[in-house]
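First comes the structure, then the notes that go with it.
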Amino acid sequence: MTEEERLLHTISNTIRYQENNSMLDGNAGIMLFYFHYYVYTGDKKYYTKATHLLEVLVSNVNNQTSTPSLSSGIAGLGWVIDHLTASKIIDLDADALLENALDEYLYDTMLKYLYNGNRNFYDGALGNGFYFIHRYTHTTSDTLKKKYKKHIIDLLFHLERFRIQYSNHPISRDLDFAIYIANMCRFLIKVVALKSFDAIAKPMLEEFSNLLYDIQKTTDITHPEIAFSLWKSAIILGQNSVKEIQENIFKSNHFSKGNHAASDCFRISIFYDFIYKTTGNHDFLDLKKEWLRNGMHQLDLEGIATISHGIWDGLSGIALTIMASKNHKLNTWKECLLI
């Protein structure tokens, strides 16, 4: 048994059900881990644990007291169910379940988020939009596809109004705003990839990525999410010089400066893995492995008992990252991180 497999086994015995049902730090994310660990090991006891959680979560949808957001609410649960059915890990009629239980509520709350100016990805309108993007991609119903397309267009027009507003009245240039724009760029990349929304989404992506690049050039902000967002945007937009600059930032491994929690190390390794698989450049593969080693070392220092159990900064996310590095069929979970 390798060091990584021993760690996965330890994590599987450590993780416990949580009081909340969210994707990033609750039971929906833990369910995702159990299903993936079942595929990874073939051990049916993890399938049993996962299906038990699925039954509990689905039965409680109408009684859900959490927010509708992607990170801590039922948009995240909806994404997990859609992901698992699209990946053929579970056999479920996602169209019937999600349309009846979630769609109308998540559309209404998306509009409320937009009305209140909340365009955040993890706890705002973009997260709900992300759910509709995946439903648009995976539904087998022409009727639902048309409905999801309308929802996505509604969101894009709201984002266009924000783009015009920001062009006339710049808001900020700090790290929080830069990551906010980085998430918006990666969301728009998902939309552009669908091809049906190019006329609206691609010009917005270009303007927001140019804004993000200007922030990167004129401040001392260096962050992997910003560099990764600019790199992905540059590929879509054909901006080769920007792409090369971001690749050089990753090659310099500037992010290694300072202290990083174990979960941060594993998450950064995902960026390097994606760039390696896109470019074929083994420098990025070597750096990915370095960040995985850093994560394992930091995990020893922190102690598993001190780490939360969720996806974002916890054991489920660490385990999902390790499994994806070993089995490419388990790699698409990272989409919930906009990677």
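The values are calculated or read from the model by the stated rules, or taken from the named source; none is laboratory data. Remember, it's a predicted structure, so these values are computed and weren't measured experimentally. Glycine also receives a Cβ, built like all others from the backbone with ideal geometry; neighbour counts cover every protein chain displayed. When the accessible area is computed, the model is the full protein with side chains, heavy atoms only, and any ligands, DNA or RNA have been set aside. Shrake-Rupley method; radii C 1.70, N 1.55, O 1.52, S 1.80 Å.
Some notes on this structure:
- Of all residues in segment 253-272, none satisfies being open to solvent by 60 Å² or more (accessible area, probe 1.4 Å), assigned to a helix (DSSP H, G or I) and at pLDDT 90 or above.
- Of the numbered criteria (1) surrounded by fewer than 16 Cβ atoms within 10 Å (Cβ to Cβ); (2) of a type in the set (D, E, K, R); (3) part of a helix (DSSP H, G or I), the one K147 fails is (1).
- Residue within segment 200-216 that is aromatic (F, W, Y), out of contact with any Phe, Trp or Tyr (no Cβ under 6 Å at 6 or more places or on another chain), more than 15 Å from I235 (Cα to Cα) and buried (at least 16 other Cβ atoms within 10 Å of the Cβ) present: no
- Sole exception among (1) open to solvent by less than 10 Å² (accessible area, probe 1.4 Å); (2) in contact with a helix residue (DSSP H, G or I) (Cβ under 7 Å, 6 or more places away or on another chain); (3) part of a helix (DSSP H, G or I) for D95, by number: (1)
- Residue in segment 282-302 that is modelled with pLDDT of 95 or more, in a helix (DSSP H, G or I), open to solvent by less than 10 Å² (accessible area, probe 1.4 Å) and under 30 Å from T85 (Cα atoms) present: no
- Residue within segment 121-141 that is more than 25 Å from P203 (Cβ to Cβ), modelled with pLDDT under 90 and not in a helix (DSSP H, G or I) present: no
- Among the residues examined, A319 does not qualify as modelled with pLDDT under 95, in a helix (DSSP H, G or I) and among the small types (G, A, S).
- Some residue of segment 40-51 being outside any helix (DSSP H, G or I) and of a type in the set (F, W, Y): no
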